[in-house]
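Down below is the structure, laid out as structure tokens.
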Amino acid sequence: MTAVVTPNGFSLDTSGKRVVVDPVTRIEGHMRCEVNLDADNVIRNAVSTGTMWRGLEVILKGRDPRDAWAFVQRICGVCTGTHALTSVRAVEDALGIAIPENANSIRNIMQLSLQVHDHLVHFYHLHALDWVNPITALAADPKATSELQQTVSPHHPNSSPGYFRDIQSRLRKFVESGQLGPFKNGYWTNPAYVLPPEANLMAVTHYLEALDFQREIMTVRTIFGGKDTHPNWLVGGVPCAINMDGPMAAGAPINMERLDYVSSIVDRTITFVNDVYIPDIIAIGGFYKGWLYGGGLSGKSVLAYGCIPDKANDYSPANLMMPSGAIVDGKLQEVFPVDLRDPGQVQEFVPHSWYKYPDETKGLHPWDGITEPNYVLGAGAKGTSTAIEQIDENAKYSWIKAPRWRGHAMEVGPLARYVVGYAKGDPHIKEQVDRTLATLGVPLEALFSTLGRTAARALEAQWAAEKQRYFLDKLIANIKAGDSATANTAKFDPKTWPKEVKGVGFSEAPRGALAHWIRIRDTRIENYQCVVPTTWNGSPRDNQGNIGAFEAALMNTKVARAEEPVEILRTLHSFDPCLACSTHVIGPDGQQMAEVTVR
Amino acid sequence: MTVETFYQVMRRQGITRRSFTKFCSLTAAALGLSPAHAQQIATAMETKPRLPVLWLHGLECTCCSESFIRSAHPLAKDVILSMISLDYDDTIMAAAGHQAESIIDETIAKYNGNYILACEGNPPLNQEGMSCIIGGRPYLEQLRKAAANCKAIISWGSCASWGCVQAARPNPTQATPIHKVPGLAPKPIIKVPGCPPIAEVMTAVVAYIVTFERFPELDAQGRPKMFYSQRIHDKCYRRPHFDAGQFVEAFDDEGARRGYCLYKVGCKGPTTYNACSTVRWNGGLSFPIQAGHPCIGCSEDGFWDKGDFYNRLSRIHGFGIEATADEIGGTAALAVGGLAAVHAGISAVKRAREKTGADQ
């Protein structure tokens, strides 16, 4: 096949060698990636396939809308809570329920703690091994590592030569045991890894420190939500009642001791992000700043819904502390408002997805979404239906649908939010971005890259950690002013509900823009649809042939060794893919479940 | 080649013998064992090589892995570096693609019959198994292969144990819990249910297996008795309010602020077997009821299909033969100003205690 140019401006050429990565590991869920390399090992075609599907939306049909948060929270245990938050917002929107200010502050603290936790764990435990080589850390000089640590982060207490010697010794014993565990079969001799041994040792040390510390970040959610993973939520507010000094305050969900606990964790979280995560991003980014592949759609078409309402119940862009808007065709000077109720804006397409529409030339708005599974491989696929050797991207090839905003394939996530925020002149985002670019000595264009995506995530974690403090202070001030309300239960009883309503809830999940659309009839769920971040980013081609964000970001990347495509992992991981999120979708007509067609 | 033991690792980290002994005592306590067992744990930690584990992921949400890394004692870091050899876990492993998949074959060749298969999530049987694809093939194939050669299976969480959310009505993919997967080799299976299971319960199960080289004692449903033999209700700190007929009638009411019993707003604690009210969550910090939300029963088989979460269990005995929570609650509401009513409430409590014992 000769090269074709997609409507969104990418030249695809499938004539070169096909390379398959399945499974793509260090992600949530399951996915497959195939690329074609030209004679110089440059990616000239990219195909991203979501390889799991669970069907949660048909399971929701007929259930109590007040229970929906618990079901959809189980869409994803990594971004745990963000679907639950989006769900209670959708139900509250449908029923016209206003939540108390304290509930808004507590929800924001929980959501912000997720942003920090998810971003931190993503960088150290899912992404770092694309840049950091733990094996060469064994060759590091502990004293030089100590000096490096003290240079990049003078305030971090764990920086002595003896400390790094101990970690290195533990690592050496681990490697020498022959039981390499998670490090087994990595691409450790690949020249794509360029960090000096000392930087590798420092990063591996922080891999372990972050693994220890991440568990503390989430204890904030255990206080407010009772457990983590999967804390508890409530339509109308939050379930954790406040009792500061009344009778039986000691047994109340929230009292002075509980708030003190949260306060201490928030402080320590801010410190860890500032002293470990951010300096590591700068240090590692400094060694890789010549590797500016992976921009994809980030400099062209990005989308954000916004999140973190300052005041309760106001979801207008001006009240949202995370930015919202859409940018298309690289025109950063023009940020469009996004209306999730407008049937012409968000639509999902399925000509390349394993679902069936009556008319697949058209997209459907989620309130009217239908999804009938249809697992079938294209005529050009190699292998069999249960032993796929090669996907045929000209036909259906993914369990992910193709959502589009006014017909455009969009990138979502921390980088999309930062591009939108930067374009809108958000002072905090501009300051963070400009400072980071200046520190690394790179131009603004460097932001539109795999590394830019990874850096934006870290900057957002820093922002989120600090905003936790803002909302904790706000919560305490509100309680001090005499308002201890946490839930509005005036419409909790289904008997108070209208016969038929519909609503939409949205948030910014760690991985990007997230929205749920609900229809309620006779107090039960009639239809429930989610369009999630990885549906946007991991989308297959659409009816026009536009490629999605993963596919676009892989294009034109040079791979050092075709048989060890760490560059593919780098760019895919920079999106922090969440496949369980993206591939759960099925609509109200799904009672007759998937039909399998064998070629 | 020298093989590192848990104790050597801890010592090299600068942990004193005294701290190590304390860790073993805490682990023994967490496992519900007598102090005498602490020495046994110490001996095991000092001498044993790491246990090979293949941790497979089917249809799931990764909440079990996320819970696991939140363990306070032992820390996930120490489990991974010092207790087990986590040779395959696609969520955290460095390798990808065929380099990842070859590890399963290598592990089978090297440790045939001697590795643990840890299952998170479950396989779908519909769509030819292709609604969960690994390496271009159904996850079912990977699962069957790994199971055929393992020593034993751990079913992490409610997905692997019971089916969980994707198996809720009408179960579109025919997601199937591990012990019901057709064609799976007959191996010992330990179920650790919960959505997710408590972190310290997960790591304690691993620590028990590594320490004693056997599975903990299981109940008739295959769950470790040490963590799943009591209902949330049995050890709930709000139980005295249940017995006294003091209930939360609506969220954020005065009862909610006083920590009254959540039974009337739907708490499934009386029918849920788990360690939430004893071990609690995230290092013993809290559990759902303490934070004001009713238990949704997430460790029970089919909990998604047992009625709406905010509807109370229809008739929980424990108030005497005739009384229900409505009657008792009504009595308690009157009791606020009347001694006679308080007395009636206390009588009900006595009857409740007797009856609860008989209900077991």
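Just so it is clear, none of the values below were taken in a lab; they were calculated from the coordinates. Given the structure is predicted, the values throughout are model-derived calculations rather than measurements. Cβ: placed from backbone, ideal geometry, glycine included. Neighbour counts: every protein chain shown.
Would you work out which of B:I80, B:A95, B:P123 lies farthest towards the positive end of the dipole of region B:52-127? Charges go on Cβ: Lys and Arg +1, Asp and Glu -1.
Ranked along the dipole, the leading option is B:I80.
Please report the net charge: other residues with Cβ closer than 11 Å to the Cβ of A:G325, K and R +1, D and E -1.
0
List the lysines whose Cα sits under 19 Å from the Cα of A:K289, skipping any in the same chain fewer than 8 residues away.
Straight-distance partners of A:K289: A:K558.
Note down, for the protein assembly as shown, the three equivalent ellipsoid semi-axes (square root of 5 times each alpha carbon gyration tensor eigenvalue), biggest first, whole angstrom.
Values: eigenvalues 331, 226, 164 Å².
The equivalent ellipsoid of the protein assembly as shown has semi-axes of 41, 34, 29 Å.
Projecting each Cα onto the charge dipole of the protein assembly as shown (Lys/Arg +1, Asp/Glu -1 at the beta carbon, about the Cα centre), which of A:S484, A:A458, A:I525 comes out farthest on the positive side?
Projecting each Cα onto the dipole axis, the largest value belongs to A:S484.
What's the exposure ranking of A:K474, A:K499, going from fewest to most Cβ atoms within 10 Å?
Values: A:K474 18, A:K499 8.
The fewest-first ordering by Cβ neighbours comes to A:K499, A:K474.
Please pull out the direction-averaged projected area of region A:222-300, using the convex hull of its alpha-carbon atoms, in nm² to one decimal place. If you can, show how the numbers build up before the last one.
Working: hull surface 36.9 nm².
The Cα convex hull of region A:222-300, projected and averaged over all directions, gives 9.2 nm².
Near A:L208, within a Cβ-to-Cβ distance under 12 Å, what is the net charge of the other residues, with Lys and Arg +1 and Asp and Glu -1? Numbers along the way, then the final one.
On the way: positive: A:R170, B:K77; negative: A:D166, A:E209, A:D212, B:D78.
Summing Lys/Arg as +1 and Asp/Glu as -1 gives -2.
Would you please give the residues with an amide H less than 5 Å from that of A:K227, counting only those at least 5 places away or on a separate chain, with H modeled from the backbone geometry?
It is A:N232, by chain and number.
Report, in whole Å, the centroid distance computed from the Cα atoms of region A:65-112 and region B:207-222.
The distance from the Cα centre of region A:65-112 to that of region B:207-222 comes to 38 Å.
At a 10 Å Cβ-Cβ cut-off, how would you order B:W281, A:W291, fewest neighbours first?
On the way: B:W281 29, A:W291 18.
Placing the least packed residue first, the sequence is A:W291, B:W281.
So what's the back-of-envelope 222 nm ellipticity for chain A, counting only DSSP H runs of four-plus at -39500 (n - 2.57) apiece and dividing by all residues, rounded to 500? Numbers along the way, then the final one.
On the way: 17 runs with 208 residues, N = 599.
Estimated from H runs of four or more residues: -11000 deg cm²/dmol.
Normalised by the number of residues in chain A, what is the relative contact order in percent for Cα pairs under 8 Å and 6+ residues apart?
On the way: 1282 pairs, mean separation 156.6, N = 599.
Once divided by the residue count of chain A, the mean separation gives 26 percent.
Could you compute the net charge surrounding A:V220? Neighbours are other residues with a C-beta less than 11 Å from the C-beta of A:V220; K and R count +1, D and E count -1. If you can, show how the numbers build up before the last one.
Numbers: positive: A:R221, A:R258, A:R268; negative: A:E216, A:D228.
With Lys, Arg at +1 and Asp, Glu at -1, the net is +1.
Please give the Cα centre distance for region A:227-300 versus region A:564-584, rounded to the nearest Å.
Cα centres, region A:227-300 to region A:564-584: 23 Å.
Quote the convex hull volume per residue of region A:478-593, based on C-alpha atoms, as a whole number of Å³. Present the calculation step by step, with values, prior to reporting the outcome.
Numbers: hull volume 23.7 nm³, N = 116.
Value for region A:478-593: 204 Å³ per residue.
Take the alpha carbon atoms of region A:425-497, find their radius of gyration, then divide it by 2.2 N^0.38 Å using N residues; give the quotient.
Cα Rg divided by the expected 2.2 N^0.38 Å: 1.80.
Where nothing but the Cβ of Lys and Arg (+1) and of Asp and Glu (-1) is charged, how large is the charge dipole of region B:50-227 around its Cα centre, in debye to the nearest 20? It would help to have the intermediate numbers written out before the result.
Details: 15 positive and 16 negative charges, 88 e Å.
Here region B:50-227 has a charge dipole of around 420 debye.
On alpha carbon coordinates alone, what is the Rg over Rh value for region B:50-227, Rh being the Kirkwood radius?
Values: Rg = 15.0 Å, Rh = 16.1 Å.
Rg divided by Rh gives 0.93.
Which residue, A:V238, A:P427, A:I327, has the largest displacement toward the positive end of the dipole of chain A when charges sit on each Cβ (Lys, Arg +1; Asp, Glu -1)?
Checked the options; the winner is A:V238.
Taking a ≥ b ≥ c as the square roots of the eigenvalues of the Cα gyration tensor of region A:314-452, is the shape rounded (a/c under 1.5), prolate (a/b larger than b/c) or oblate? Write down the numbers at each step before the final one.
On the way: a/c = 3.30, a/b = 1.65, b/c = 2.00.
Note, shape of region A:314-452 comes out oblate.
Is the shape of region A:81-136 best called rounded, prolate or oblate, per the rule: a/c under 1.5 gives rounded, else a/b larger than b/c gives prolate, else oblate, with a ≥ b ≥ c the square roots of the Cα gyration tensor eigenvalues? Intermediate results must be reported in sequence, preceding the final value.
Working: a/c = 7.73, a/b = 3.13, b/c = 2.47.
Taking the square roots of the gyration eigenvalues as a ≥ b ≥ c, region A:81-136 is prolate.
If the viscosity is 0.890 mPa s and the temperature 25 °C, what Stokes-Einstein diffusion coefficient in µm²/s follows for region A:415-548 when Rh is the Kirkwood radius over Cα pairs?
Reported coefficient: 130 µm²/s.
Please report the antiparallel percentage of DSSP beta bridges with both residues in region B:50-227, rounded to the nearest 5. Display every interim value, and only then the final one.
Values: 6 of 25 bridges.
Given both bridge residues lie in region B:50-227, the antiparallel proportion sits at roughly 25 percent.
Sort B:Y263, B:Y111 by Cβ crowding within 10 Å, fewest neighbours at the top. Could you put the intermediate results ahead of the total?
Working: B:Y263 26, B:Y111 19.
Lowest count first: B:Y111, B:Y263.
Note down the nm distance, to one decimal, between modelled labels 7 Å out along Cα→Cβ at A:Q544 and at A:A39.
The modelled label-to-label distance comes out at 3.5 nm.
Which whole-Hz couplings ³J(HN,Hα) result when phi for each residue of region A:252-265 is put into the Karplus expression 6.51 cos²θ - 1.76 cosθ + 1.60, θ = phi - 60°, listed in order with x for Gly and Pro?
My calculation for region A:252-265 gives 7, x, 10, 9, 4, 4, 5, 5, 4, 4, 4, 4, 5, 5 Hz in order.
From the phi angles alone, apply the Karplus equation (6.51, -1.76, 1.60; θ = phi - 60°) to region A:457-473 and give each ³J(HN,Hα) in whole Hz, x where the residue is Gly or Pro.
In residue order, the calculated couplings are 4, 5, 4, 5, 4, 4, 4, 5, 4, 5, 5, 4, 4, 4, 6, 5, 4 Hz.
With respect to the cross-link table entries A:K17/A:K362; A:K300/A:K430; A:K61/B:K225; A:K396/B:K151; A:K143/B:K77, which display a Cα-Cα separation exceeding 28 Å?
Numbers: A:K17/A:K362 34 Å; A:K300/A:K430 19 Å; A:K61/B:K225 36 Å; A:K396/B:K151 40 Å; A:K143/B:K77 24 Å.
From the list (A:K17/A:K362; A:K300/A:K430; A:K61/B:K225; A:K396/B:K151; A:K143/B:K77), the Cα-Cα distance tops 28 Å for A:K17/A:K362; A:K61/B:K225; A:K396/B:K151.
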